[in-house]
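Everything below concerns the one structure shown next.
The values are calculated or read from the model by the stated rules, or taken from the named source; none is laboratory data. Please read all numbers here as calculations on a predicted model, not as lab measurements. Reconstructed Cβ throughout: ideal geometry from the backbone, glycine too, with neighbour counts over all protein chains shown. Heavy atoms of the whole protein, side chains included, go into the accessibility calculation; ligands, DNA and RNA do not. Shrake-Rupley method; radii C 1.70, N 1.55, O 1.52, S 1.80 Å.
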Amino acid sequence: MKKLNKNFKNLGENYLFAEIEKRVNEYKKAFPNSDLISLGIGDVTQPLPSSIVDACKDAATEMGITSGFRGYGPYDGYGFLKNAIVDYYKSRGIEINADEVFVTDGAKNGIGNILDLFDEDNTVLIPDPVYPAYVDANVISGHKIVYADATKENGFLAMPPKHKADIIYICSPNNPTGATYTPEQLKKWVDYALDNDAVILYDAAYESYITSKNAARSIFEVTGARDCAIELCSFSKMAGFTGVRCGWTIIPMVSPLNRLWLRRQAIKFNGTSYIVQRMAERALRGGFDDVQKIIKIYQKNAKTVTDKFDALGIEYTGGKNAPYIWFDCGIDSWEFFDYLLKKARIVCTPGSGFGKNGKSWVRLTSFNTPERTAEAMRRFDAFWKDFVAVRDKLFTPSKQ
Ligand SMILES: *Cc1c(COP(=O)(O)O)cnc(C)c1O
């Protein structure tokens, strides 16, 4: 008789975004004409720039003529895109070989699929709070999971623990906290990984949002990283590809994972579409400036939020190197969600959805228009002053 993967029973409720949607829909039903502003979703909102749309059309046209038609492409991506990625790293002073680049249909798939290469008998270290896919993918794989606490005390940048781990996830700039490691801090993780014969899975999905000079944009800025790390990245937040789907994984040649991953991809993946790879190539070459303009819009929105928080004296992380602003609301984050929705008609993301250390913390995103973000902050100003005045009377304080 068929036996199902028993690990699925160990998954927690997948309830964060479903629960948000439920509460928002209930609110909309009760107040159909209310003007809600969402600063809650981790998805881009600006349309693709015309240069990237043109790349799509050009590639589709090619596919429609005999001389341009292409069937299955290479499992690890077309050379033109791999070379564009190599040059992208080179422009930041990092030497990567094209054989080390694997084009994927997004970073999320890579985050989960890479686990095919590891035995069940591995201990995985995951920061708390973080992007929920890491935990869930490892629950399905049956790995033992231990957590590295990211809290206000360490600036939401977890540092290596005393105990041993085999697989380490790092997300920097972090979703949800926006906190970003410096190369010196990452060096401590690289040393820990080398000492423990561990591998670092470095998620750099938000590297294109970095503005601080001292923030690391790649794990490969750190000496020794080539001997212990792989990097996952994505065109999703960089170029508005959340619905287009393209990403990449860098696995150094020295790692046995390089050959294993090529083998795995050849067996289970027939490549990203040619058209999408041409669009991705354009995002790094001819359309690069257009993509930067869109990132600037989100960065400006983040500054609209952080300027308001500075004026209100609210402590936060993120905003500077990430499209996320993370702050302590001092009460249960779901109660705050309801109150913010009711009083200011703003949708946020409760931090408890990202781990226990997010219990009283809240994520706002800059994925909206400048006008709506400014309007949200006008509302937030009045909201926060009122909230602080009534907080102790209406709510139970939440301590981390
Ligand atoms: C959005 C996001 C990704 C991107 O995933 P894709 O599958 O490339 O869209 C990866 N990691 C984190 C932390 C993210 O927030």
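Side notes on the structure shown:
- Taking the range 160-281 and dividing mean pair separation by its residue count, relative contact order in percent (alpha carbons under 8 Å, at least six apart): 21 percent
- Computed extension gain for K90 through S67, at 0.36 nm per residue and net of the alpha carbon distance, reaches 5.0 nm.
- For the range 126-241, a crude dipole built from +1 on the beta carbon of Lys and Arg and -1 on the beta carbon of Asp and Glu, taken about the Cα centre, is about 180 debye to the nearest 20.
- Computed over the chain, relative contact order equals 22 percent, with contacts defined as Cα pairs under 8 Å that lie 6+ residues apart.
- Chain lengthening between Q292 and D307 when straightened (0.36 nm per residue, less Cα-Cα): 3.2 nm
- DSSP loop GluC sites (Glu not before Pro) with at most 15 other Cβ within 10 Å: longest gap in the chain: 154-314
- Cβ-defined net charge surrounding F288, 11 Å radius [Lys, Arg +1; Asp, Glu -1]: -1
- Distance (nanometres) between label positions extended 7 Å along Cα→Cβ at N97 and M1: 5.2 nm
- Added length on full extension, which subtracts the Cα-Cα distance from 0.36 nm per residue, D381 to N14: 128.9 nm
- In summary, the chain shows an alpha-carbon radius of gyration equal to 1.01 times the 2.2 N^0.38 Å reference for compact globular proteins.
- Cut-off 16 Å, label 7 Å out along Cα→Cβ of D35, residues of the range 340-376 by amide N: 343-347, 369-376
- Scalar couplings 3J(HN,Hα) for the range 208-222, obtained by applying the Karplus form with A = 6.51, B = -1.76, C = 1.60 to θ = phi - 60°, are 6, 8, 6, 10, 5, 5, 8, 8, 7, 9, 8, 5, 6, 6, 9 Hz; x denotes Gly and Pro.
- In order along the range 262-272, the phi-based Karplus estimate (6.51 cos²θ - 1.76 cosθ + 1.60, θ = phi - 60°) of 3J(HN,Hα) comes to 4, 4, 4, 5, 4, 7, 10, 9, 9, x, 7 Hz; Gly and Pro are listed as x.
- FRET efficiency, L262 to F80 (Cβ-Cβ, R0 30 Å, nearest 0.05): 0.95
- Taking the range 1-128 and dividing mean pair separation by its residue count, relative contact order in percent (alpha carbons under 8 Å, at least six apart): 12 percent
- For A133, net neighbour charge (Lys/Arg +1, Asp/Glu -1) across residues whose Cβ lies under 10 Å away: -1
- Simple point charges give the picture: +1 on the Cβ of Lys and Arg, -1 on the Cβ of Asp and Glu, and for the chain a dipole about the Cα centre of about 780 debye.
- GNM top mover of T349, T151, T66 - the chain, alpha-carbon springs below 10 Å: T66
- Inter-label distance for D197 and D43, nm, one decimal - labels placed 7 Å from Cα along Cα-to-Cβ: 4.4 nm
- Entries in K82/K356; K108/K356; K162/K303; K320/K343 that, when Cα-Cα distance is taken, lie over 30 Å: K82/K356; K162/K303
- Farthest positive-ward along the chain dipole, Cα basis, beta-carbon charges - from Y169, N10, N97: N10
- With protein chains left intact and a 1.4 Å probe, residues in the chain average 45 Å² of accessible area per residue.
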